[in-house]
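Read-outs: derived from the displayed coordinates by stated rules, not from any lab. This one's a predicted model, so the numbers in the text were calculated from it and none came from an experiment. No Cβ is skipped: glycine too gets one built from the backbone with ideal geometry, and neighbour counts run over all protein chains shown.
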Amino acid sequence: STPAITRVLTHSHTLKQVSLPWLAPQQTGKSSRRKPLKMPSQSLFNKSIALLFSKRSTRTRVSAETAATLLGGRALFLGRDDIQLGVNESARDTARVIGGMCQGIFARVGDHAEIEELARYSPVPVLNALSSLWHPTQILADLLTLHEHAHLFTSDAPAPETAVEGKGAYKPLPELRPLTITWLGDSTNILHDMLVTYPRFGHKIRVATPAQLAYQCPTPVWDRVKELGCDKDIWWGSDPREAVHGADVVVTDTWISMGQEAEKAQRLKDFQGYQVTEALCKEGGAKSGWKFLHCLPRKPDEVDDEVFYGPRSLVFPEADNRKWTIMAAFDLLFGKWNLHGTEATQ
Ligand code: CP
Ligand code: NVA
């Protein structure tokens with residue numbers, strides 16, 4: 001829900017400052033009303049979180065393992081070749097057994113139905129670490145990154161170094177003005193979470209995907225977009241130049257998601273003209289200060305080196321923020337808090 005997303009974002013921002021105290025310079029002198037920073041909550045002390053990953057991962061896995069450590073708990077990485085799931089045992093039985101031993105499941109699956117099945121039968125909360133349709137924790141990191149860089153999108157927002165007197169121990173998360181966010185490429189799990197999230201926070205989305213049916217939004221995703229009323233803030237076409245018009249942020253993802261390797265040759269052909277470059281964004285009329293996001297891993301096909309490694313790129317702060325947002329989600333969902341903001345009874 002929207003309040004849950006806001007809560008995870010503000011909690012991520014706090015946890016990041018607690019864990020990296022130099023980000024929140026302490027005021028000195030007797031008049032200071034800011035309290036000293038505390039160590040991260042140890043809400044996962046004596047708890048174990050199962051990382052049930054049937055696909056590769058660098059960021060999500062390392063974020064989850066290091067976040068669990070900072071919260072005082074332990075993450076168990078259970079890869080495709082490690083457990084009986086998918087070979088000798090069903091998702092239903094696996095969810096029941098692992099859920100009986102661990103306090104949370106963070107699962108990366110192939111078909112989205114697999115995570116629905118795990119969630120149906122697990123006695124503990126299941127968090128999606130990526131499925132064919134969705135990648136919710138990625139969009140939390142993207143939103144946190146945009147908020148942290150709010151000063152780049154307006155002349156009014158305070159620069160991030162400005163401490164706010166008397167507003168509590170930590171710097172508050174900067175407000176973000178409504179943005180135009182453009183997506184170029186495939187209709188992937190990353191785009192799908194953008195579609196159901198950004199409009200709820202006041203942002204407009206412009207999408208260009210190749211015209212073939214294979215690259216259009218899957219029906220269950222578009223149904224959810226409409227159910228949430230997000231469709232009125234989404235423009236969708238197949239001309240990348242038209243899509244970048246007025247963009248504050250340009251986002252893309254690989255053209256060949258995990259599991260689509262056999263379609264590589266066809267996809268490289270179909271996505272010709274979709275590479276994010278300075279020239280394309282200039283021709284299409286993106287805002288002069290446009291910024292770039294990418295969930296990673298990245299191939300040069302979808303974005304050239306000039307943009308990816310240049311001053312417009314926020315991709316590495318975005319990758320770092322996977323850790324703080326996943327840590328906040330673990331603390332809220334698996335630790336001593338729940339998403340409604342009240343302390344759990346156990
Ligand atoms: N962005 C992302 O999910 O990266 P990994 O696949 O490396 O976890
Ligand atoms: N769309 C990509 C995202 C990787 C983080 C995939 O599913 O492979």
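Spin-label model, residue 84 to residue 266: label points 7 Å out along the Cα-to-beta-carbon direction sit 3.8 nm apart. Once backbone amide H atoms are built at 1.01 Å from N, residue 253 has 186 as its partners under 5 Å, excluding neighbours fewer than 5 places away on the same chain. Modelled spin-label separation between residue 232 and residue 113, with each label point placed 7 Å from Cα along the Cα-to-Cβ direction: 3.5 nm.
I'd like the FRET efficiency for residue 200 and residue 279, computed as 1/(1 + (r/R0)^6) with the beta carbon distance as r and R0 of 45 Å, rounded to 0.05. The computed FRET efficiency comes out at 0.85.
Ratio of Rg to Rh for the chain: 0.97 [Cα atoms; Kirkwood radius as inverse mean 1/r over pairs]. Stokes-Einstein diffusion for the range 228-313, with the hydrodynamic radius set to the Kirkwood value over Cα pairs and evaluated at 20 °C in a medium of 1.002 mPa s, equals 154 µm²/s. Between 81, 142, 248, the Gaussian network model of the chain with springs among Cα atoms under 10 angstrom shows the greatest mean-square fluctuation at 81.
Computed about the Cα centre, the dipole magnitude for the chain is approximately 1320 debye when only Lys and Arg (+1) and Asp and Glu (-1) carry charge, each at its Cβ. One chain, two ends: residue 214 and residue 76. Fully extended at 0.36 nm per residue, the span grows by 46.1 nm beyond their Cα-Cα distance. Compared with the direct C-alpha span, the chain from residue 48 to residue 92 gains 13.9 nm at full extension, assuming 0.36 nm per residue.
Pairs with C-alpha atoms separated by more than 18 Å, drawn from the list 204/226; 204/323; 269/291; 204/291; 47/336; 204/287, are 204/323; 269/291.
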